[in-house]
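Following: one structure in C-alpha cells, then a few remarks.
The values are calculated or read from the model by the stated rules, or taken from the named source; none is laboratory data. What you see is a predicted model, and the numbers here were worked out from it, not measured in a lab. Don't worry about glycine lacking a Cβ; one is built from the backbone with ideal geometry, like all the others, and counts go over all protein chains shown.
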Amino acid sequence: MSLGWALDGLLAGLLLWLAWRLLRVDDLFQAGVQFIVFGLLLAVVWLRLEAPDLALAEAAIGAGVTGALFLNTLAGVETHPADPEPTADRWTAASLWLAGLLAALLGGLMVVLVARLLLGSPPEPPALGEPGKITNPVTRVLLDARSYDTLLETAVLVEALMGIWILGRPLIATPAPAPYVLRGLVRVLAPVMVVVAGALLWNGSSQTGGAFQAAAVLAAAGILLRLAGHPLPLLAPPRRRAALATFGTLVFVAVGMGVMARTGGFLDYPEPLRYVLVVTIETAATLSIAAVLVLLFETTGPRPLPESSP
C-alpha cells in the first residue's frame, strides 16, 4: 500500500468519525469546533482530488467564516430555554416515518443518478465561449456557462441576511474591549488579508481564486477588525449596509439585462466584452459577499440584554 492510499484512507476515516461525533455531541461549543476541523479536513480532501479552488473555498468559507458564525451565534444566545415538554408518541412516530420516507426517496434518487452515470453515456460538458483571458475553467463555468446559478447563490446570501434582519436583529452591537495582543495582531494581519483578497480576485480569471474565495478572506479581515474593536465606517449607516449587501446581485442583474439587449440572452456576454464583464461581476460580488458575511457575523453575536423598565 502506497503512502498516498494510506493518507486517503486516514482522511476518509477521520471525516466519517468527525461526522459521527458532530451528530452525537451534546455540547454546542464542541460541535462548532469540530465543524471547523471537519471543514479543514475536507479542504485537504479537495486538495488530494486536485481541486484547489474547492479546497480554498471550503477552508475559507466552509470552515473559517461559517465556523466563526456558528461560534458567534452560540455566544449570542443569552438564555437557554428549558427543555420542551415531551410530545405524544404518535407525533414522534410520524416524524420518524417522515424522516425515513425522505431518506428512502433521496437514497433512491442517488442510486438512479449513479446508475445513469455508470450505464449511460457521459453527460456533455457545458458549452463555453472562447477562453480569451479567462483561462481558469472554474471561473469560466461559474460566470459563463452557469452564471445564472452563481447569480442565485449571491442572492441567497442576501436573503439570509434579510431573514435575520426581519427577525428583529438589524442593529450592530458594540464589541467588548479587545486584548492588546489581538489588537496588535490585527494591525499586522488585516492589511495582508486585504492584499491576499485582491490577489485572489484578480487572479481568479486565470488561476486559483475568484469572487467567493476573495470575499471570504476579505470578510475574515473585517471580522478580525470588529473583534479587535475597530469600527467599519462602510457598514455603519443602515442604508449603506443594505446597499453594499445588495450591490453584487444588482450589478449581476444589470449586466445580464444589459447584454440581453445586445445578444438576446440573459448573461450571454458578447465576446469582445466577456473578460471585462466577468471581472466587473466578480469585483462587485466580492464586495457584496464580504459585506454580507461580516454583517451576518455582527448581527448574530452577543448583545446586551434589554434594560427592564421601572
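For region 222-233, what are the residues that are surrounded by 15 or more Cβ atoms within 10 Å (Cβ to Cβ) and not in a loop (DSSP other than H, G, I, E, B)?
If the condition is that a residue be surrounded by 15 or more Cβ atoms within 10 Å (Cβ to Cβ) and not in a loop (DSSP other than H, G, I, E, B), then GLY222, ILE223, LEU224, LEU225, ARG226, LEU227 are the ones that fit.
Could you list, ordered by first residue, the pairs with Cβ atoms under 8 Å in which the first is in region 151-174 and not assigned by the TED database to the domain that holds ARG240 and the second is at pLDDT 85 or above and among the β-branched types (Val, Ile, Thr), at least 6 apart or interchain?
Nothing qualifies.
Confirm whether ARG240 is assigned to a helix (DSSP H, G or I) and in contact with a Lys or Arg (Cβ under 9 Å, 6 or more places away or on another chain).
The answer is no for ARG240.
Can you find a residue in region 279-289 that is at pLDDT below 85, among the acidic types (Asp, Glu) and under 26 Å from the mean Cα position of the chain (by Cα)?
no
Which count do you get for residues in region 189-213 that are at pLDDT 90 or above and within 16 Å of ALA55 (Cβ to Cβ)?
The number of residues fulfilling the criteria is 1.
List pairs: first in region 207-232 and at positive phi, second surrounded by 21 or more Cβ atoms within 10 Å (Cβ to Cβ) and of a type outside the set (Phe, Trp, Tyr), Cβ under 6 Å, 6+ apart or cross-chain?
GLY209/LEU200; GLY210/THR139; GLY210/GLY204
Would you please list the contacts, defined by Cβ atoms under 9 Å and residues six or more apart or on different chains, that run from a residue in region 283-310 that is over 30 Å from LEU200 (Cβ atoms) and not assigned by the TED database to the domain that holds ALA199 to a residue that is at pLDDT 90 or above and in a loop (DSSP other than H, G, I, E, B)?
none
So, in region 1-39, how many residues would count as being hydroxyl-bearing (Ser, Thr, Tyr) and within 26 Å of the chain's Cα centre (by Cα)?
Qualifying residue count, region 1-39: 0.
Take the conditions under 22 Å from the mean Cα position of the chain (by Cα) and either in the same structural domain as ALA219 (by the TED database) or surrounded by 15 or more Cβ atoms within 10 Å (Cβ to Cβ) (or both) and apply them to PHE70. Does it pass?
The answer is yes for PHE70.
Which residue out of ALA219, ALA199, ALA214, ALA284 is within 20 Å of GLY163 (Cβ to Cβ) and assigned to a helix (DSSP H, G or I)? Before the answer, list the steps.
Working: ALA199 fails: within 20 Å of GLY163 (Cβ to Cβ); ALA214 fails: within 20 Å of GLY163 (Cβ to Cβ); ALA284 fails: within 20 Å of GLY163 (Cβ to Cβ).
The match here is ALA219.
Are any of the residues in region 236-257 touching a Ser or Thr at 6+ places or on another chain (Cβ under 8 Å) and under 19 Å from THR66 (Cα atoms)?
Yes, there is a match, as at least one residue in region 236-257 is touching a Ser or Thr at 6+ places or on another chain (Cβ under 8 Å) and under 19 Å from THR66 (Cα atoms).
Just give me the residues in region 247-267 being assigned to a helix (DSSP H, G or I) and more than 15 Å from THR283 (Cβ to Cβ), in sequence order.
VAL253, GLY256, MET257, GLY258, VAL259, MET260, ALA261, ARG262, THR263
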